[in-house]
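Worksheet for the structure shown next.
The values are calculated or read from the model by the stated rules, or taken from the named source; none is laboratory data. As the structure is a computational prediction, the values presented were derived from the model and not from experiment. In this analysis, Cβ positions are derived from the backbone assuming ideal geometry, glycine residues included, and neighbour counts consider all displayed protein chains.
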Amino acid sequence: MRAKIVSFVQMKGGAGKTTLCANIASTLSDQSNVLMIDTDFPQSSLDTWYQIRNDKYVIENLDIAVAKNLSQLQKMVRDNLDTYDYILIDGHPRITNLTRAVVMLSDLALIPLSPSQVEVWSTKHLAEIIEEAKAINPNLETRICWNRYRVRTNSAEAVVDEAKKVLKIEDLPAKLGNRVAYLDSFAQGLTVAEWHDQAAKIEIWSLTSGIQRLLDKQGNHRIKTEAQVDKFAKTK
């Protein structure tokens with residue numbers, strides 16, 4: 001069975017997609033072989049996190065590659081489909097041809113979002129691109145992943161309701177709180193599973209379990225050809 005491809009896409013920088021990718025990839029690697037692809041070049045924060053981790057600890061079942069352009073991304077995905085159980089792609093924080101390709105290649109595209117009206121507005125263009133991709137790739141699943149969520153606040157709940165209506169994208173039930181553990185652990189090359197915040201550990205475990213259930217329901221299908229991905233990526 002080929003690898004399941006999960007992407008983390010968001011136009012807005014600082015939305016938490018890289019820390020989310022690292023934590024979910026590490027959790028999946030406890031029982032599966034996982035490849036992360038960092039497309040946020042030259043910043044490459046995910047690659048930096050991995051190198052810090054690799055210098056300090058023994059890493060098992062988790063690898064990383066950096067894709068600087070569309071052709072590199074396509075090759076990395078094609079060459080590793082039968083080697084890994086999961087391929088997780090950290091998207092670029094701007095809408096580029098690489099971002100469009102990432103969406104088209106995905107089985108599941110996750111959109112990290114804070115419960116802010118401004119962030120919902122800034123995600124409209126991305127939601128439109130996802131709708132374009134679904135017209136070509138009907139197997140594509142997308143979900144909002146709530147980050148820095150303030151539990152039991154009316155404002156957060158109102159934004160959640162509006163986001164699903166405006167963006168026309170469902171969300172994942174598990175929500176990540178506004179916790180320093182995510183940033184502090186990431187800076188040390190760690191995940192929250194290795195940190196001292198029990199609530200953060202439970203959040204990531206619940207989120208990863210939800211992602212796995214969603215992918216398991218999806219079944220197995222062929223990804224789009226390179227020509228189809230190239231055409232979509234270069235569409236303006």
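Can you tell which of Val180, Val118 is exposed (fewer than 14 other Cβ atoms within 10 Å of the Cβ), without any contact (Cβ under 8 Å) to a residue 40 or more places away in the chain and farther than 17 Å from Gly13 by Cα? So that I can check it myself, show each step before the final result.
Details: Val118 fails: farther than 17 Å from Gly13 by Cα.
After applying the criteria, what remains is Val180.
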*Among the residues of the stretch 1-22, how many are crowded, with 22+ Cβ neighbours inside 10 Å and either closer than 18 Å to Leu214 by Cα or of a type in the set (Val, Ile, Thr) (or both)?*
10
*asked:* Which count do you get for residues in the stretch 33-71 that are more than 17 Å from Ser106 (Cβ to Cβ) and either surrounded by fewer than 18 Cβ atoms within 10 Å (Cβ to Cβ) or not small (Gly, Ala, Ser) (or both)?
replied: 27
_Number of positions in the stretch 39-56 that are in contact with a helix residue (DSSP H, G or I) (Cβ under 9 Å, 6 or more places away or on another chain) and not polar (S, T, N, Q)_ = 7
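For the stretch 183-209, which positions are hydroxyl-bearing (Ser, Thr, Tyr), under 24 Å from Asp63 (Cβ atoms), part of a helix (DSSP H, G or I) and under 17 Å from the mean Cα position of the chain (by Cα)? Step through it out loud before you land on a result.
Quick first cut of the stretch 183-209, residues hydroxyl-bearing (Ser, Thr, Tyr) only: 185, 191, 206, 208-209.
Among the residues that remain, those that are also under 24 Å from Asp63 (Cβ atoms) are: 185, 191, 208-209.
If we keep only those that are part of a helix (DSSP H, G or I) as well, we get 185, 208-209.
Listed by number, the residues that qualify are Thr208, Ser209.
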_So Arg94 ticks every box in (1) part of a loop (DSSP other than H, G, I, E, B); (2) more than 16 Å from the chain's Cα centre (by Cα); (3) within 23 Å of Thr235 (Cα to Cα) but one. Which box is left unticked?_
(2)
*Determine which single condition Thr96 fails, assuming it passes every other condition in (1) touching a residue at least 24 places away in the same chain (Cβ under 8 Å); (2) surrounded by fewer than 19 Cβ atoms within 10 Å (Cβ to Cβ); (3) under 20 Å from Thr39 (Cα atoms).*
(1)
*Please enumerate the residues belonging to the stretch 210-232 that are under 18 Å from the mean Cα position of the chain (by Cα), assigned to a helix (DSSP H, G or I) and in contact (Cβ under 8 Å) with a residue 24 or more places away in the chain.*
Gly210, Ile211, Gln212, Leu214, Leu215, Gln218
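What number of residues within the stretch 111-162 satisfy the criterion of being of a type outside the set (Lys, Arg), part of a helix (DSSP H, G or I), more than 18 Å from Leu20 (Cα to Cα) and under 18 Å from the mean Cα position of the chain (by Cα)? Can you show your working first?
Keep residues of the stretch 111-162 that are of a type outside the set (Lys, Arg), which gives 111-123, 125-133, 135-142, 144-147, 149, 151, 153-162.
So of that shortlist, the ones also part of a helix (DSSP H, G or I) come out as 117-122, 125-133, 135-136, 154-162.
Imposing the further condition that a residue be more than 18 Å from Leu20 (Cα to Cα) reduces the set to 117-118, 120-122, 125-133, 135-136, 154-162.
Subsequent filtering for residues that are under 18 Å from the mean Cα position of the chain (by Cα) retains 120, 122, 125-131, 133.
Of the residues in the stretch 111-162, 10 are of a type outside the set (Lys, Arg), part of a helix (DSSP H, G or I), more than 18 Å from Leu20 (Cα to Cα) and under 18 Å from the mean Cα position of the chain (by Cα).
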*Only one of these is within 21 Å of Ser185 (Cβ to Cβ), in contact (Cβ under 8 Å) with a residue 60 or more places away in the chain and of a type in the set (A, V, I, L, M): Val58, Val34, Val6. Name it.*
Val6
*Go through the stretch 12-71 and give me each residue that's in contact with a Ser or Thr (Cβ under 8 Å, 6 or more places away or on another chain), among the small types (Gly, Ala, Ser) and either at pLDDT 95 or above or in a helix (DSSP H, G or I) (or both).*
Ala22, Ser26, Ser45, Ala67
*Do you know which of the residues in the stretch 75-98 that are touching a Leu at 6+ places or on another chain (Cβ under 8 Å) and polar (S, T, N, Q) is modelled with the lowest pLDDT?*
Asn97
